[in-house]
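Participant: My questions all concern the structure below.
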Amino acid sequence: MLEMRPDCERCGADLPPGAVNATICSFECTFCTECARGPLAGNCPNCGGELLPRPTRAEHLLEKYPPSTTRRFSR
């Protein structure tokens, strides 16, 4: 199950579980599409992996499988 991190690790933009503008790599590093397509050029700066659209989580599963609340953005 994906951790569903709540923010872009590069710019801090909010990325709730239903966000369609979230991307992840195979290690679940999370970035908004603006950062992923722009400065990061589709590659994770942490592991070098490809950034792909993050799937959304069905709303009826959020209570049983809540998203992470730990923010990863650091200046």
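Participant: Across the range 11-40, what is the number of residues that are part of a loop (DSSP other than H, G, I, E, B), farther than 19 Å from Ser68 by Cα and either open to solvent by 70 Å² or more (accessible area, probe 1.4 Å) or of a type in the set (Phe, Trp, Tyr) (or both)? I'd like the intermediate steps shown before the answer.
Facilitator: Going residue by residue through the range 11-40, those that are part of a loop (DSSP other than H, G, I, E, B) are 11-13, 15-21, 25-29, 38-40.
If we keep only those that are farther than 19 Å from Ser68 by Cα as well, we get 38-40.
Among the residues that remain, those that are also either open to solvent by 70 Å² or more (accessible area, probe 1.4 Å) or of a type in the set (Phe, Trp, Tyr) (or both) are: 39.
Going through the range 11-40 one residue at a time, the tally reaches 1.
Participant: Going residue by residue through the range 53-64, is there one that turns out to be modelled with pLDDT under 95 and of a type in the set (S, T, N, Q)?
Facilitator: yes
Participant: Now for a separate question. How many residues are within 10 Å of Met4 (Cα to Cα) and either in contact with an Asp or Glu (Cβ under 7 Å, 6 or more places away or on another chain) or of a type in the set (Lys, Arg) (or both) if we restrict to the range 19-57?
Facilitator: The qualifying residues number 5.
Participant: Determine whether Glu3 is at pLDDT below 95 and in contact with a Ser or Thr (Cβ under 6 Å, 6 or more places away or on another chain). Write out each step before concluding.
Facilitator: Numbers: at pLDDT below 95: yes; in contact with a Ser or Thr (Cβ under 6 Å, 6 or more places away or on another chain): yes.
Yes, satisfied.
Participant: While we're here: When you look at Thr69, is it open to solvent by 80 Å² or more (accessible area, probe 1.4 Å) and either at negative phi or in contact (Cβ under 8 Å) with a residue 24 or more places away in the chain (or both), yes or no?
Facilitator: The answer is yes for Thr69.
The values are calculated or read from the model by the stated rules, or taken from the named source; none is laboratory data. Everything numeric here is computed off the predicted structure, so don't read it as measured data. When we count neighbours, we look across all protein chains shown, and the Cβ atoms used for this are built from the backbone with ideal geometry, even at glycine. To get the accessible areas, we keep the full protein, side chains included, count just its heavy atoms, and leave off ligands, DNA and RNA. Shrake-Rupley method; radii C 1.70, N 1.55, O 1.52, S 1.80 Å.
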